[in-house]
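Attaching a single structure in structure tokens format; questions to follow.
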């Protein structure tokens with residue numbers, strides 16, 4: 001169905017829908033890529049495609065269009081190789097979408113979605129109390145709280161514990177003379193799954209310079225999964241909270257408790 005005409009150009013309803021979908025996808029891709037070096041590569045690829053479209057469709061420059069066309073023909077494979085981490089994050093967003101989880105129809109046809117928003121019996125009080133004490137003592141710590149994924153790959157990089165979550169256990173793990181204190185604790189279903197775990201470090205260049213490797217690892221794991229992470233700074237005792245590749249520094253214990261209740265209650 002034609003909506004209106006602009007000179008020789010006819011605009012249909014399906015064209016508006018098409019433009020809207022492409023705009024939405026580009027916006028989501030920008031949000032996934034921003035802050036890292038991948039955004040520069042993405043802009044470069046868009047520039048090459050724009051040149052190809054202008055040369056071939058508008059100016060009919062056959063030679064240059066052929067050269068750019070050969071480059072673009074390999075573009076899909078190049079995208080998979082260059083953006084493998086971003087592709088994983090994009091698929092993770094689709095697979096753990098709250099829209100799918102909360103829709104009754106998709107819950108019926110996609111039965112695995114029930115795990116996405118299933119309340120976890122997390123002992124929030126024990127976590128907050130442990131963070132309060134570690135912040136007071138300037139004990140460095142990083143806690144990763146799993147959600148839809150159990151993070152088995154990262155748990156296997158450390159010491160498997162499968163111990164019930166408690167304030168004292170968390171504090172003892174991160175005590176500086178404990179051999180398990182150097183690394184992350186991964187918590188799954190109110191159990192300390194593993195300690196001394198190695199996490200991926202974010203490549204986000206926009207993070208504040210004072211943030212150290214502990215904070216960058218906390219952001220990195222939230223880029224690779226839908227887990228959330230809590231960091232206690234050894235230098236300042238400040239508490240930080242990371243989710244979806246974003247970190248909130250120097251939050252209060254009340255803010256931490258509220259965020260945990262929103263996510264796990």
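Just so you know, all these numbers are worked out from the coordinates, no wet-lab data involved. Note that this is a predicted model, so its numbers are computed, not measured. Backbone-built Cβ (ideal geometry, glycine too); neighbour counts: all protein chains shown.
Contour minus end-to-end for residue 137 and residue 254, with contour as 0.36 nm per residue of separation and end-to-end as the Cα-Cα distance? Mind showing how you got there, number by number?
Details: separation 117, 0.36 × 117 = 42.12 nm, distance 1.85 nm.
Length gained between residue 137 and residue 254: 40.3 nm.
What's the ranking of 218-227, 43-52, 17-26, 232-241 by average number of surrounding C-beta atoms within 10 Å, highest first? Could the numbers behind the result be given before it?
Working: 218-227: 23.2, 43-52: 13.5, 17-26: 10.5, 232-241: 17.8.
Highest to lowest by the protection proxy: 218-227, 232-241, 43-52, 17-26.
Over the stretch 124-264, what is the mean sequence separation of C-alpha contacts under 8 Å (at least six apart), divided by residue count, expressed as relative contact order in percent? Spell out each step's value before the answer.
On the way: 285 pairs, mean separation 40.5, N = 141.
Relative contact order for the stretch 124-264 comes out at 29 percent.
So for the pair residue 265, residue 238, with labels modelled 7 Å out along Cα→Cβ, what separation do we get in nm?
2.7
With a ≥ b ≥ c taken as the square roots of the eigenvalues of the C-alpha gyration tensor of the stretch 124-264, please select rounded if a/c is under 1.5 and otherwise prolate if a/b is larger than b/c or oblate if it is not?
Numbers: a/c = 1.21, a/b = 1.07, b/c = 1.13.
Rounded is the answer for the stretch 124-264, as its axis ratio a/c remains below 1.5.
What is the gain in length, in nm to one decimal, between residue 164 and residue 46 on full extension, counting 0.36 nm per residue of separation less the C-alpha to C-alpha distance? Don't skip to the end; give the middle numbers.
On the way: separation 118, 0.36 × 118 = 42.48 nm, distance 5.01 nm.
Here the answer is 37.5 nm.
Suppose each label sits 7 Å from its Cα in the direction of the beta carbon; what would the residue 77-residue 182 distance come out to in nanometres?
4.3
Still on this model: Counting other beta carbons within 10 Å of each residue's own, what order do 56, 205 fall into, fewest first?
Details: 56 16, 205 9.
Listing 56, 205 from fewest to most nearby Cβ atoms yields 205, 56.
Another question, then. For the stretch 194-265, what relative contact order do you get, as a whole percent, if you take Cα pairs closer than 8 Å and at least 6 residues apart?
On the way: 94 pairs, mean separation 15.1, N = 72.
Relative contact order, the stretch 194-265: 21 percent.
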